[in-house]
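Below is one structure, written out as structure tokens; the observations come after it.
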Amino acid sequence: MAEMWISMGPQHPMTHGLWTLKVKVDGETVVDTEPDLGYIHRGVEKICEARDFTQITPYADRLCYASANTWSHAYIYAAEDLLEVEVPERAEYIRMVAVELQRVASHLMWLGAYCPDVGNLTGMVWCLREREMMMDLLQELGGSRMHYNFPRIGGVKRDLPIGFALRCRAKLKLFLERIQEYEAILDESTIFLVRTQGVGYAKAEEMINHGVSGPNVRAAGHNYDVRWAHPYSIYDELDWEPSVERPSIKGSDCYDRYRVRVEEMRQSALMILDGLDKMPGGADTHYQSGDPAILGKAPARAAEGQTGFHHFEDSRGESMFYLAGGGDGRGKHPYRVSIRSPMFITIPYASKCMIGYKIADIPAIMGSFDPCIGETDR
Amino acid sequence: MANEISAKQVLSAAKEIVADVADFGDAVNAEVRHHTGGRRKNAYVYIEVVASEWRELALWLKKTKKVDYCSMITGIHWPENADATWQVVAHLMRTGVTNPTVVNKRVHEIKVDIASLSGNDVPMEFEITMTIPDTREPSVPSVADIWVGADWNEKETWDLVGIDFEGHIGMRRVLLPHDSPTGYHPLQKQHKLRYHDFNEMYDDAQGFGRKPEDSGRVK
């Protein structure tokens, strides 16, 4: 049969956003792929060159609509490296709570989008139900539902609201019970197993060479995690282990990537519960905004020659900001902002990963890598 | 229980690398630097390299220092600096990720014993920078065949900044439209973006009156 190219996207349920996957098919079999990105390129890196350091946080938020807090924190840690800022310990705990809540919400959004990809609509409804609890908690922290603009250079915008710890504990305990429900409906669903097991094999070393990181690598059987390898924040004081999955000899399949994310949600929830207990000053105390206990002092300018970068464990892999100081306004703006998006590097790899499988496997394989186009196109 | 790498492990591993880089002579300058923000001032390896030696250094890092991961490649345009108009910064990492071990046909996932890591097994951050003097066609050697992860990073750097990579196969626009004009790379500094202060934003919230500084000029 003759080979031909077909375009999946930019409007296709598989893409989870605006991009095109050109697929070369021979009958039903995929023989070559070529991703085409850039449909929602907004030029964030250029815009940031004309903003001062505090104004960039909302732009970082909007890089990923499913995982805003992790992105603004990734920026904040790089900015603190550039501006040489000390952060109070309590603020680091609050940030950890915000980031891990966001990680749970992001993975729930992923699972919620992945279930209908492989023919299980119930899973989506259930995941979005639990995501709502996380969104409520994040809304209490940041004040809005999606783009929180929560961290500040040197600390956080505001302390945990009064009663937050109580509600957070209750909701996370409920959530930990309900994770078992997802496992029950997915692990015992024949359709889900048939469509995810044995497709989209990926090996750990190959993924690292291709620049893929985070949960996708942990699904392939190595517990590499930026949070222990390049430590930041207060993760050393918490009792946790990065989740890791046992793949097959051929590598991790879509099912392993689903398992590792479910495990990671559980790990993050436990981490938050642990962090609330260990928080200096107690999780029930409430400091006013701007109190030195939650917000350190930070300079507003960075001279030319100063640089800062920070590797951050995003929900989708290793994200990073590289900032060069000394832009306009005598260093009030960065001279150059460069953003490392995990999905920008992962999408080309995931596209190569599906060669040899059937067209019907494309949504299952692509979705299992958790693509997010907001951060990809920047 | 140690559940993350200690500053001491990182520092000694970084010093080891810097000492070994000295074999390259004048073309490569390496030093141990420390992060300056946050709670930990972790050490990382900072290397300045002559652009023509970059590929050789990359091969050496990959082979003897087990650097297995290319995080990001950034291009910066410094139009006022004639000696170093173009700068390329590569952020590499040593992750130490290996495929899980197989014993008696059973796969065993790897859980690293973090406290025992030493030498080439310690995860490490690298910042490698190189500069190119003023030229219309800046380019540095490509490392996309050493770390495949560099492939799309290099495409992006060419697309947005206009720095080419010699030996890169299949260079094309990735973020900008495919039919963007030749030579148009928006992160070059001749394309100006004006700062709008907050007063201006309130007076003209919709932004009808705003224009970029270079509007009307041929780009």
Using Cβ counts within 10 Å as a stand-in for footprinting exposure, how do B:THR64, A:THR29, B:THR157 rank, fewest first? B:THR64, A:THR29, B:THR157
With N set to the residue count of the protein assembly as shown, report its C-alpha Rg divided by 2.2 N^0.38 Å to two decimal places. 0.93
The stretch A:44-342: radius of gyration and largest Cα-Cα distance (Dmax), Å: 19.4, 62
What is the average number of partner chain Cβ atoms found within 10 Å of a Cβ in A:77-88? 3
Cα-Cα P(r), the stretch B:7-183, percent of pairs per 5 Å interval: 1, 8, 15, 18, 17, 15, 11, 8, 5, 2, 1, 0, 0
Report, as an integer, the average count of C-beta atoms from other chains found within 10 Å of each Cβ along A:34-41. 4
At R0 = 35 Å, FRET efficiency that the Cβ-Cβ distance of A:ALA303 and B:GLU137 yields, to 0.05: 0.70
Check: C-alpha center the stretch A:5-44 vs C-alpha center the stretch B:33-63, spacing in Å is 35
Taking neighbour counts of Cβ atoms within 10 Å as a proxy for exposure, in what order, fewest first, do A:ILE347, A:ILE359 appear? A:ILE359, A:ILE347
Can you give me the C-alpha center-to-center distance between the stretch A:45-96 and the stretch A:190-218, rounded to a whole angstrom? 30
Which of the chymotrypsin sites (Phe, Trp or Tyr not before Pro) across the stretch A:117-168 are loop residues per DSSP, with 11 or fewer other Cβ within 10 Å? none
Could you work out the local net charge near B:ILE73, counting Lys and Arg as +1, Asp and Glu as -1, over the other residues with Cβ closer than 9 Å to its Cβ? -2
Sparsely packed GluC sites (Glu not before Pro) within the stretch B:16-104, loop by DSSP, other Cβ within 10 Å at most 10: B:GLU80
For chain B, give the magnitude of the charge dipole about the Cα centre (Cβ charges: +1 Lys/Arg, -1 Asp/Glu; no others), in debye to the nearest 20. 720
Can you put A:MET343, B:MET130 in order, fewest other beta carbons within 10 Å first? B:MET130, A:MET343
Relative contact order as a percentage, chain A, C-alpha pairs under 8 Å and 6+ apart, gives 27
quick note, the stretch B:7-183, DSSP beta bridge pairs, % antiparallel (nearest 5) is 80
Under the 7 Å Cα-to-Cβ spin-label approximation, B:GLU31 and A:ALA360 lie apart by a distance in nanometres of 6.2
Trypsin sites (Lys or Arg not before Pro) in the stretch A:196-264 lying in a DSSP loop, each with at most 14 other Cβ atoms within 10 Å of its Cβ, come to A:LYS250
To the nearest 0.05, how large is the calculated FRET efficiency for A:GLU89 and A:LEU121 if R₀ is 51 Å and r is the Cβ-Cβ distance? 0.70
Peptide A:243-252 - average C-beta neighbours from other chains (10 Å radius): 3
Percent relative contact order of the stretch A:7-67, based on C-alpha pairs within less than 8 angstrom and at least six residues apart? 19
How big is the dipole moment of chain A about its Cα centre under a simple scheme where the beta carbon of each Lys and Arg is +1, that of each Asp and Glu is -1, and everything else is neutral? Debye, nearest 20, please. 780
Distance (nanometres) between label positions extended 7 Å along Cα→Cβ at A:LEU128 and B:THR64: 5.7
Of the listed pairs A:LYS22/B:LYS62; B:LYS41/B:LYS155; B:LYS8/B:LYS66; B:LYS8/B:LYS65, those with alpha carbons more than 22 Å apart are A:LYS22/B:LYS62; B:LYS41/B:LYS155
Average Cα contact separation per residue, chain B, under 8 Å, 6 or more apart, as relative contact order %: 19
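Read-outs throughout are calculated quantities, based only on the coordinates presented, and are distinct from any laboratory measurement. These numbers were taken from a predicted model, which means no experiment stands behind them. When we count neighbours, we look across all protein chains shown, and the Cβ atoms used for this are built from the backbone with ideal geometry, even at glycine.
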